[in-house]
Amino acid sequence: MLEIFSKNTEPESLWVPILVSAIVLIAVWVVGVWITRTLKRVMRRQMKTGIDNVFNLVKTPLKLLLVSIAVSVLNYYFQDYWNMETNQLVFLLLVFIITWLGIAIIKSIKHFVLAGYDMENENNLKARKMHTQMRVFERIMIVLIVFISLAVALLSFEKIREIGLSLLASAGIAGLILGFAAQKSLSLLLAGFQIAITQPIRLEDAVIVEGEWGWIEEITLTYVVVRIWDKRRLVVPINYFIEKPFQNWTRHSAEIMGTVFIYVDYGFPVEKMREEMTRILPRIPEWDGNVNVLQVTSCTEKTMELRALVSASNSPRAWDLRVRLREELIAFMQREYPQYLPKARVTLENKDENS
């Protein structure tokens with residue numbers, strides 16, 4: 001057991017650094033618990049909801065950071081007692097815990113900011129905007145923190161640092177090679193950053209992509225997942241939404257208008273359908289009470305085209321509203337004016353051959 005200690009150290013004197021180290025570590029841990037609880041109480045009084053999630057993420061790495069700092073100080077004062085080099089091990093431990101704390105802080109900031117934005121609200125445009133921005137920025141910052149921490153940890157090894165210095169002369173060529181190799185990946189990352197800033201799409205936006213209608217379910221740094229109405233998932237590279245056209249039905253508001261087309265014979269009384277539509281809509285819960293328009297929008301040699309324009313609070317409700325209104329209007333025609341359903345006219349002429 002004593003092999004880890006220096007051969008010049010008397011076994012009777014080992015209890016001093018062990019006891020001091022134990023006392024310091026326990027004291028630092030207790031101080032860390034007290035600091036986190038005090039901060040939690042103070043911030044809970046002054047700030048909004050989401051504090052519990054913030055401290056659940058931060059409290060453990062924060063206490064471990066205090067412990068690792070105490071370990072590095074003890075290692076400095078009791079270095080002569082050890083039979084091995086511990087500076088690098090303590091440094092790597094400190095880098096790991098700082099990385100953990102940095103990621104926890106990023107996640108806690110996201111939870112804290114998003115606590116005031118409920119995605120379940122009917123008019124959730126601002127909430128979707130904030131959720132999209134925070135999720136993309138969270139991923140970008142975590143990637144940067146991990147990359148920097150890994151670089152710092154690797155450079156702490158002398159052999160790796162020497163190799164890096166010896167390859168410095170060829171760094172320009174290597175940079176060009178890596179640049180060409182990573183061009184596609186970098187374009188995806190830049191597209192993700194651009195979407196977070198300009199936001200052509202947001203979480204839960206209703207979109208039509210590649211002829212498919214659905215909602216934006218997930219936005220990552222490299223791809224976007226679209227939840228199709230029939231529960232399929234369409235995975236699209238994130239730069240698609242920068243380079244190609246697509247439809248966004250909820251760009252400025254969750255409210256959306258829907259259309260229903262009905263084709264009738266020329267003799268149909270349009271005003272009667274307007275009256276029936278005004279009577280039907282208040283009984284349909286998906287209608288938001290704003291838009292109620294029926295117009296003749298086109299005509300052919302056989303039929304008139306009637307367009308019913310209605311509004312709903314969001315795209316799923318608009319879909320259900322259109323379906324129910326279409327059924328009600330067709331039933332009205334079948335019940336009240338079946339003679340004006342679209343029909344084909346054929347005129348038969350019977351000529352007398354002897355005339």
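If the condition is being in contact (Cβ under 8 Å) with a residue 60 or more places away in the chain and of a type in the set (Ser, Thr, Tyr), then segment 291-327 contributes 313, 315.
In segment 250-261, the qualifying residues are those that are surrounded by fewer than 19 Cβ atoms within 10 Å (Cβ to Cβ) and touching an Asp or Glu at 6+ places or on another chain (Cβ under 9 Å), and the one that is modelled with the lowest pLDDT is 251. Taken over segment 209-222, the criterion of being touching a Gly at 6+ places or on another chain (Cβ under 8 Å) and open to solvent by 40 Å² or more (accessible area, probe 1.4 Å) is satisfied by 222 alone. Taken together, the residues in segment 277-290 that are touching a residue at least 12 places away in the same chain (Cβ under 8 Å), open to solvent by 10 Å² or more (accessible area, probe 1.4 Å), of a type outside the set (Val, Ile, Thr) and closer than 24 Å to residue 338 by Cα amount to 0.
Where strands (runs of 3 or more DSSP E) fall entirely within segment 230-347, those with at least 1 residues that are farther than 30 Å from residue 194 by Cα are at 256-264, 287-299, 304-312.
One residue stands out among those in segment 78-91 that are at pLDDT 60 or above and either more than 25 Å from residue 23 (Cβ to Cβ) or of a type in the set (Ser, Thr, Tyr) (or both): the one that is nearest to the chain's Cα centre (by Cα), which is 88. Filtering segment 125-173 to residues that are at pLDDT below 70 and closer than 25 Å to residue 191 by Cβ leaves only 125. Scanning segment 262-276 for residues that are open to solvent by 90 Å² or more (accessible area, probe 1.4 Å) and charged (D, E, K, R) yields a count of 3. Taking the criterion of being out of contact with any Asp or Glu (no Cβ under 6 Å at 6 or more places or on another chain) and modelled with pLDDT of 85 or more, the residues of segment 224-234 that qualify are 224, 226, 232, 233.
The values are calculated or read from the model by the stated rules, or taken from the named source; none is laboratory data. Bear in mind the structure is a predicted one, so any value in this text is a computation, not a measurement. Heads up, the Cβs are rebuilt from the backbone with ideal geometry, glycines too, and the neighbour counts pull from every protein chain shown. The protein model used for the area step is the full one, side chains on, heavy atoms only, and it has no ligands, DNA or RNA in it. Shrake-Rupley method; radii C 1.70, N 1.55, O 1.52, S 1.80 Å.
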